[in-house]
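Contents: one structure, followed by commentary.
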Amino acid sequence: MENPNGFFPPDRVINAGKSQHNEDQACCEVVFVERRPSPRGHLPCRDGSREPDRVRAWWEAAPLTSVTVGFYFHYWALFDGHAGSGAAVMASKRLHLHICEQLRDLVDILQDPSPPPICLQHDAELSQAEDSREVPSDALPRFHLEKAVSHESLVIGAIENAFKHMDEQIEQERVSQHISGGCCALAAVYLMGKFYVANAGDSRAIIIRNGEIIPMSREFTPETERQRLQFLAFLRPELLGKEFTHLEFPRRIQPKELGKKMLYRDQSMNGWAYKKIEEDDLKFPLIYGEGKKARVMATIGVTRGLGDHDLKVFSSNIHIKPFLSCFPEVRVYDLTQYEHCPDDVLVLGTDGLWDVTNDKEVASVVMEVLTSYEPNDPCRYTMVAQELVVRSRGVLKERGWRLPNDKLGSGDDISVFVIPLGGPGNYM
């Protein structure tokens, strides 16, 4: 089912008939991050005084009063489910809330230009410091080095932790909520002048700025993460269940080839070398196949994402989850460092788009559609997303869905966000 998603605000997002049975899910939100209340019911202010605040569950809507302290972030996310839609549906409803929760400790820190504190004081420690005028006994000269930590890296860490907590929630609630399978997750967070693009899976994002293409993610597949997977299997061979080998060979080895020398590579190698074939080398390779057909343990073609806690090798009790990471790679784009025009956009797409359309073709469609609309027409970005979906799907012919070059169109779900970086409707 097609799922073109346009530009914020949410009421302009096109769902194209997508239901909860569809394995592609999407979310577009503006989220308010409220400063976390003090355990004693008061919050320390910048001038050292205390202001009252009530303790509120983190998922509750924040009443925006004059004493509410916090900031907003804009959020877009695509979730490409597999083996069911449950994980994608839950993540589409909850991931932005986990990001919000992780950012609550940073409300004051991110708005303060001074370097972030290395250690946050507890409320009791603050009270003792206020009540005591003596120099602490542990106030000794510092001869060790302290690593400089940027505000940007705090936001990256908050997003990474949010993905981890989202994965843990799926694990805890998968039985009660009847959640099966897993999902790739691609999220874009706009906060304080910067876009943070977090990717766990094989969805991708690019920025198109003045005709230039800037990659904002990379795919995480058995091939791109071969060495990480092999290294884990090398350290913990019990995860292979005595049925797989962590070594990679150009093809399956035949029993008659025992004792011969064959090309191989292990977790430490980028190139190939020859080794003498032994009995253990006859086991099925941990990573097998090439390109989109590459699989981990002959089962799954992505190596990062959310869910998949019950995924096992077919007809065995070997769990695959230990080899799958829920942590995203986060790339940052500083919107304040460049002048942007209304035709500069961030494109997020699931693999249904990128499997049949390359970066240059996407950029060409973006430019073609945008130039056919007035710069101040907010519908132009939605129409770009819709056109990208339609062209990637192709046209139904006698031999199936076909692209203009007569190649097969995408048989996968296709979801796209097109987010303007400048002009009317920007975030500055």
Sites matching trypsin sites (Lys or Arg not before Pro) across segment 218-318 that sit in DSSP coil, with at most 12 neighbouring C-beta atoms within 10 Å: LYS242, ARG251, ARG252, LYS260
Sites matching trypsin sites (Lys or Arg not before Pro) across segment 361-428 that sit in DSSP coil, with at most 15 neighbouring C-beta atoms within 10 Å: ARG399, LYS407
Rounded accessible area per residue of segment 225-301, 1.4 Å, Å²: 60 Å²
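Using square roots of five times the C-alpha gyration tensor eigenvalues, list the equivalent-ellipsoid semi-axes of segment 324-367 in whole Å, biggest first.
Three semi-axes, in Å: 23, 20, 6.
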Segment 219-240 versus segment 356-406: alpha-carbon centroid distance in Å: 37 Å
Alpha-carbon gyration tensor eigenvalues x 5, square-rooted, for segment 329-428, Å: 28, 15, 10
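What is the local net charge at TYR274, summed over the other residues whose Cβ is closer than 15 Å to its Cβ (Lys, Arg +1; Asp, Glu -1)?
Net charge in that neighbourhood comes out at +1.
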Simple spin-label estimate for GLU398 and THR336 in nanometres, 7 Å along Cα-Cβ: 6.2 nm
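I'm checking a number: the convex hull volume of the Cα atoms of segment 225-301, normalised per residue, in Å³. What is it? It would help to have the intermediate numbers written out before the result.
Working: hull volume 6.9 nm³, N = 77.
It is 89 Å³ per residue.
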Descending semi-axes in whole angstrom, ellipsoid equivalent of segment 142-227, from the Cα gyration tensor: 27, 23, 15
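To the nearest 20 debye, what is the magnitude of the charge dipole of segment 225-301 about its Cα centre, counting +1 on the Cβ of each Lys and Arg and -1 on the Cβ of each Asp and Glu?
On the way: 16 positive and 11 negative charges, 55 e Å.
The calculation lands at about 260 debye.
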Binned Cα-Cα distance frequencies in segment 191-323 - 5 Å width, integer %: 2, 9, 17, 19, 17, 12, 8, 7, 4, 3, 1, 0, 0
Carbon + sulfur, % of accessible area of segment 225-301 - ligands and nucleic acids excluded, 1.4 Å: 52 percent
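The values are calculated or read from the model by the stated rules, or taken from the named source; none is laboratory data. Not measured: the values here are computed from a predicted model. Here the Cβ is made from the backbone with ideal geometry for all residues, glycine too, and neighbour counts use every protein chain on show. Ligands, DNA and RNA are stripped out before the accessible areas are found, and what is left, the full protein with its side chains, is counted by its heavy atoms. Shrake-Rupley method; radii C 1.70, N 1.55, O 1.52, S 1.80 Å.
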